[in-house]
Amino acid sequence: MDKTIQVAVYLDLLEIRKKAYHRNTYIGGGLFVLAILATTGTFLLTDWNFRSIWLMCVFAILFTMNFLMAWTRYEILNQNIDLLKNIPLQD
């Protein structure tokens, strides 16, 4: 198989992965926002019980980490696509 054909096929695969990572970033961001809103609502509407504060903060931290990891994967894939598009192919 020719190098240019291999690179084109791999670029198509990366474009499909980019869409999936973009979707995952939106889902992670939505969960992050909901976790922050739920934590704020819990703090404002209930008694300040240490257990509920600890539990809500743990969930907020986990959703934040999920969002940041998804966003990082998406950005790494974007850079790989840019690199692949700008690489000179010589036979």
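What the table shows:
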item	result
Scattering curve values for region 12-57, log₁₀ I(q)/I(0), Debye with Cα scatterers, q = 0.22, 0.24, 0.26, 0.29 Å⁻¹	-0.73, -0.79, -0.86, -0.95
FRET E, pair Trp54, Glu75, Förster distance 25 Å, beta-carbon r, rounded to 0.05	0.20
Nearest-ten-degree value, helix 50-86 long axis tilted from longest Cα axis of the chain	10
Paired Rg and Dmax values of the chain, which use every Cα atom, in angstrom	20.3, 70
For the chain, with +1 on Lys and Arg beta carbons and -1 on Asp and Glu, the positive-most of Leu84, Thr64, Ala8 along the dipole	Thr64
Within the chain: Cβ-based charge dipole about Cα centre, in debye rounded to nearest 20 (Lys, Arg +1; Asp, Glu -1)	180
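A short reminder: the numbers here are calculations on the coordinates, not readings from a lab. If you're wondering where the values come from, they're calculated on a predicted model, not measured in any experiment. Every residue, glycine among them, receives a Cβ derived from its backbone with ideal geometry; neighbour counts consider all protein chains shown.
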